[in-house]
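Take a look at the structure set out below.
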Amino acid sequence: ALTIAAKSGAAVDTCDTTKLQINGLTADVLSRMHRLVRLSRTLGWPLPDVDKALQAASAGKIRAIIDRTMPLSEAAEAHRILEANQTLGKIILDPTKD
């Protein structure tokens with residue numbers, strides 16, 4: 001059986017797993033749950049939407065659009081290009097191209 005409760009003196013809605021008493025979960029599952037909740041809060045998305053997006057990404061249904069690849073030595077130029085909105089996707093900085 002799974003039980004989750006706040007430790008004495010901790011907020012009930014805490015995401016700090018050190019402040020929770022959790023029985024019935026492995027450390028790996030707990031870590032994944034923690035990352036999912038943090039991602040949901042960061043994006044401001046409901047958990048079911050984050051879960052759907054992660055499932056789609058892992059199934060290869062979502063792909064990043066790569067605009068260009070540049071040498072790592074041109075990182076400043078890459079930032080300038082991004083800030084000027086002169087891309088249609090991501091810029092990859094490749095340290096092997098220097």
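Would you mind telling me which numbered condition in (1) farther than 30 Å from residue 93 by Cα; (2) loosely packed, with under 11 Cβ neighbours inside 10 Å; (3) at pLDDT 80 or above; (4) not hydroxyl-bearing (Ser, Thr, Tyr) residue 47 fails?
Exception for residue 47: condition (2).
For residue 53, indicate whether it is in a helix (DSSP H, G or I), loosely packed, with under 12 Cβ neighbours inside 10 Å, out of contact with any Lys or Arg (no Cβ under 9 Å at 6 or more places or on another chain) and free of Cβ contacts under 8 Å to residues at least 40 places away in the same chain. Give the derivation first.
Values: in a helix (DSSP H, G or I): yes; loosely packed, with under 12 Cβ neighbours inside 10 Å: no; out of contact with any Lys or Arg (no Cβ under 9 Å at 6 or more places or on another chain): yes; free of Cβ contacts under 8 Å to residues at least 40 places away in the same chain: yes.
No: the conditions fail for residue 53.
Residues checked against (1) among the hydrophobic types (A, V, I, L, M, F, W, C); (2) at pLDDT 90 or above:
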position: 5; (1), (2): yes, no
position: 25; (1), (2): yes, no
position: 51; (1), (2): no, no
position: 58; (1), (2): no, no
position: 71; (1), (2): no, yes
position: 86; (1), (2): no, yes
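If we keep just the residues of the stretch 23-44 that are surrounded by 12 or more Cβ atoms within 10 Å (Cβ to Cβ) and of a type in the set (S, T, N, Q), which is farthest from residue 82 (Cα to Cα)?
31
Sort through 19, 90, 97 and tell me the only one that's open to solvent by 80 Å² or more (accessible area, probe 1.4 Å) and modelled with pLDDT of 90 or more.
Details: 19 fails: modelled with pLDDT of 90 or more; 97 fails: modelled with pLDDT of 90 or more.
From the options 19, 90, 97, the qualifying one is 90.
The values are calculated or read from the model by the stated rules, or taken from the named source; none is laboratory data. Just so it is clear, the structure is predicted and the values come from calculations on it, not from any experiment. Please note: Cβ atoms are built from the backbone with ideal geometry, for glycine as well, and neighbour counts cover all protein chains shown. In case anyone asks, the SASA skips ligands and DNA or RNA and just uses the protein heavy atoms, side chains included. Shrake-Rupley method; radii C 1.70, N 1.55, O 1.52, S 1.80 Å.
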